[in-house]
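Peer 1: Provided herewith is a single structure, encoded as structure tokens, for subsequent inquiry.
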Amino acid sequence: MLRIAPEAIRRAAFARALAAAAVPVVEALQAWTPVAELQAGMFDEPGSLAAHIVTDIALDDDRGGVAAIGFGKYGAVANFVEFGHRFIGHEPGLKELDKPLLAHPFMREATAESAEAAIDAFAGSVAATMAEGVPGVPTRAVAA
């Protein structure tokens, strides 16, 4: 049990902490995601781009873990809105087919706004996990 305790604590702590850190980022992203710039018929499923925000949490032995927050299969749409795009026809003319969609940065704004809160949530979650302990693993919190 003593050999597996650090690994069990780390995995439990990182999984919970990554989930906690994702919350402020997702909340900011939902608030910043534009709706007016999106055209009707752009989605296969009902809802706006904000309704398609997904979070994937993966534990990694080298880095501890990663919380990937994105728009799933609508990631390309989010990038088009974030950076703008133009509709260009095929050869030989390569004519612009429609007016360009200007860049509307929202992902970078949401990330910058929520970075401190995400770090605080991560650190708070790790501290709470260490204070609570992990079921089946003998631990105790010691004040520093």
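Where a number appears in this text, it was derived from the coordinates with a stated rule and is not lab data. Everything quoted here is computed from the prediction, not taken from an experiment. Every residue, glycine among them, receives a Cβ derived from its backbone with ideal geometry; neighbour counts consider all protein chains shown.
Peer 1: Rounded to whole Hz and in sequence order, give me ³J(HN,Hα) for region 119-130 from the Karplus expression 6.51 cos²θ - 1.76 cosθ + 1.60, θ = phi - 60°, writing x for Gly and Pro.
Peer 2: 5, 4, 5, 4, 5, x, 5, 4, 4, 5, 5, 5
Peer 1: Give me H90, H85 ranked fewest to most by other Cβ atoms within 10 Å of their Cβ, as a rough exposure proxy.
Peer 2: Lowest count first: H90, H85.
Peer 1: Obtain the nm distance between the two label points defined at A8 and D56 by a simple spin-label model: each point lies 7 Å from its Cα along the Cα-to-C-beta direction.
Peer 2: 2.9 nm
Peer 1: So, in nm, how far is label E27 from label F87 when the simple model puts each one 7 Å beyond its Cα toward the Cβ?
Peer 2: According to this spin-label approximation, the distance is 3.9 nm.
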